[in-house]
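The structure appears right after this line, and notes come after that.
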2 protein chains.
Amino acid sequence: MTGAKSEPSAKPLLRALAGGRLSRPPWWLMRQAGRYLPEYRALRAQAPDFVEFCLNPALATEATLQPVRRFGMDAAILFADILLVPQALGQKLAFGDDGPLLEPIEEAAGISRLRLKRVASSLEPVCETVRRSRAALPSETALIGFAGSPWTVATYMVEGGGSRDFQRVKGWAYRDPAGFQALIDLLTEATTDYLSAQIAAGAEVVQLFDSWAGVLPEESFERWVIMPTRRITARLRERFPAVPVIGFPRGAGLLYERYALESGVDAVSLDTGVPKGFARERLQPRLAVQGNLDPILLIAGGEALERAVTELRVALGGGPYVFNLGYGVLPQTPPENVATLARLLAEPIDID
Amino acid sequence: MTGAKSEPSAKPLLRALAGGRLSRPPWWLMRQAGRYLPEYRALRAQAPDFVEFCLNPALATEATLQPVRRFGMDAAILFADILLVPQALGQKLAFGDDGPLLEPIEEAAGISRLRLKRVASSLEPVCETVRRSRAALPSETALIGFAGSPWTVATYMVEGGGSRDFQRVKGWAYRDPAGFQALIDLLTEATTDYLSAQIAAGAEVVQLFDSWAGVLPEESFERWVIMPTRRITARLRERFPAVPVIGFPRGAGLLYERYALESGVDAVSLDTGVPKGFARERLQPRLAVQGNLDPILLIAGGEALERAVTELRVALGGGPYVFNLGYGVLPQTPPENVATLARLLAEPIDID
């Protein structure tokens, strides 16, 4: 798949995603813009409503740029939220202290109230953030767009927020797979359109976050994770053959390999539990990998952080590799540990 | 390993765990005693404090027996809680509406206040429950004892309850592995003693629950999950060579195989995400497997439940197999669906 990317690029992230082996890995961090940064907290105070903040291009662009300015990552990721899509489809969304709250979709009747046509106009401010961020970034820094995967977004839409056991959404999918397929199909359309608009506005890479991929048994994983992802990647490839797609099926465990081979992604982001040996032997010969430092190590810092970073670079640096965490930066992370990480990643090391 | 169990047993569970292939799989369900049963809710009302309930042999025995009486599972599992061990070591424990609450262990100073010697006497009521349950069970029904694995119990002890990101416990393990090792060692001792006492009292099988095995990267998984489990299984095998140990490293994903091969367990319990093909090809030739129906299917019922049960039996029934869920029974489960499951499992099916 990566062979299809023909245009050489000076940007390290794009070179790695196209299958290149770099002497130091390009890096960025999931949730690199966020509450661990004092400048982000100050910015957020200007628009305490989180959805408003995401849909304000001036503020969202500044949030996108802050971590790159401070730490010099090889990529910025658009500041937004995966639940902007359900809101754009017409589902009420608010963020409380315990996370997102949505008015849960009530099976078929709930789907009929969603409007695919609203998506483009509702999410135009996000595309404006993409344009402004792209224009402001240094020439060697890539801009990543993103969306939630249909399955993961559907879990929030049906559960009405986060969940422990995914009883409503799985119950629906088990009892009435054809009905649930209609929601997944709608989200597949909306996600394809949304990512296409981000790319048209200037995103050079897109990542699909499937945070709850890991809660499904194999048959359901195939139907609700792999198949919709494959439809999205196929359509993006038709329209934008040079733009790589990174997939992140968090928690997929023993299904990581099927996802990597069958979903059509150009690179796969690894959660903390994916063994480095497996990634090197089974995944890297076929596609680029990204990951997977434990975010807790970025809080712990010190010797443990240093050793783990070296081990990752030694294990994965011999193939196409993007350094990242196994999940998002936690709010308690000391910014100075991220500075240490930047320094560690700039040092050359020996890789056979 | 299973070859070492020489004594033939009439109990279907023990035959399957010893490597036997049965025409219908023996079955039991994690959390088969619990809130989904009206008779359990009535019983719990007699001792609203959950710890008191667990430590009352009359009530805990009745809870242990209730599901077997209603559904005729092939095994009863001792009614108790994995956090009785920290309480027995001297840590304060209470159960609130949002789950367990413990006074968090504060690194080395916290460990020094724990008392291994208290464990045997504090947990004597649990052994009395084992004795009474064993005496009351039908002759073909096996009795399973259990404990939490050191890593999982340690997460609750250090976090002070459940956790989202395991920041405190992982942070400690990363910053001060030697200090954290002392807690794991203490728990390894306590768990070995506790399971030995359960076996001496009449438990015929024991299961180690490692519910949070899946949050660790490989090196940590090896040190905090595999190594302590291996020490426990080795010592139990010395003392009780005929008693099989089932391990449940929930969420271990790509590390399931290492756990199955290296931890010394006789059988491995599979979470919902473990593919049946992997279990059949990579695990069953080496040890018995148990699992892994999605608990949500037991809520959904109907055709989806029936199909999934058949698929599991076809995929895994050709080797040593114990039917179970991929995790515990949820409180919302209709008891009539468990009755349906019992009926389905009693029907013969074709397995090549």
Would you pick out the residues in segment B:149-188 that are aliphatic (A, V, I, L, M) and within 12 Å of chain A (Cβ to nearest Cβ)? B:VAL169, B:ALA173
Options A:GLY264, A:GLY328, A:GLY291; residue that is under 16 Å from the mean Cα position of the chain (by Cα), farther than 26 Å from A:ARG70 by Cβ and at pLDDT 95 or above: A:GLY264
Over segment A:116-127, the set of residues part of a loop (DSSP other than H, G, I, E, B) and either modelled with pLDDT of 95 or more or surrounded by 14 or more Cβ atoms within 10 Å (Cβ to Cβ) (or both) is A:LEU116, A:LEU123
Among the residues in segment A:213-223, are any within 22 Å of the chain's Cα centre (by Cα), away from chain B (no Cβ under 11 Å) and surrounded by fewer than 20 Cβ atoms within 10 Å (Cβ to Cβ)? yes
Let me spell it out: the conditions are (1) within 14 Å of chain A (Cβ to nearest Cβ); (2) out of contact with any Ser or Thr (no Cβ under 7 Å at 6 or more places or on another chain), and B:TYR327 meets all of them except one. Which number is the exception? (2)
From the options B:ARG168, B:ARG113, B:ARG164, B:ARG131, residue that is within 25 Å of B:PHE53 (Cα to Cα) and surrounded by fewer than 24 Cβ atoms within 10 Å (Cβ to Cβ): B:ARG131
Check A:GLU238 against each of (1) in a helix (DSSP H, G or I); (2) out of contact with any strand residue (DSSP E or B) (no Cβ under 7 Å at 6 or more places or on another chain); (3) surrounded by fewer than 24 Cβ atoms within 10 Å (Cβ to Cβ); (4) touching a residue at least 24 places away in the same chain (Cβ under 8 Å) and name the one condition it does not meet. (4)
So, in segment B:37-60, of the ones that are crowded, with 23+ Cβ neighbours inside 10 Å and not small (Gly, Ala, Ser), which residue ends up nearest to B:GLY328 (Cα to Cα)? B:CYS54
Out of the residues in segment A:283-319 meeting the condition of being charged (D, E, K, R) and within 23 Å of B:ALA213 (Cα to Cα), tell me which one is nearest to the other protein chains (Cβ to nearest Cβ). A:ASP294
Could you list, in sequence order, the residues of segment A:129-178 that are among the basic types (Lys, Arg), over 15 Å from A:THR61 (Cβ atoms) and part of a helix (DSSP H, G or I)? A:ARG168, A:LYS170, A:ARG175
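Residues are listed down the side, and each one gets a yes or a no for (1) farther than 25 Å from B:ASP185 by Cα; (2) under 14 Å from the mean Cα position of the chain (by Cα); (3) more than 14 Å from chain A (Cβ to nearest Cβ):
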site: B:GLU238; (1), (2), (3): no, no, yes
site: B:PRO244; (1), (2), (3): no, yes, yes
site: B:PHE248; (1), (2), (3): no, yes, yes
site: B:ARG258; (1), (2), (3): no, no, no
site: B:LEU270; (1), (2), (3): yes, yes, no
What pairs come out if I take residues in segment B:199-218 that are closer than 19 Å to B:ALA288 by Cα and pair them with residues that are of a type outside the set (Val, Ile, Thr) and in a loop (DSSP other than H, G, I, E, B) whose C-beta lies under 6 Å away, six or more apart or interchain? B:VAL205/B:PRO244; B:LEU208/B:SER149; B:ASP210/B:SER149; B:ASP210/B:PRO249
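The values are calculated or read from the model by the stated rules, or taken from the named source; none is laboratory data. If you're wondering where the values come from, they're calculated on a predicted model, not measured in any experiment. Using ideal geometry, Cβ is built from the backbone for each residue, glycine included, and neighbour counts are taken over all protein chains shown.
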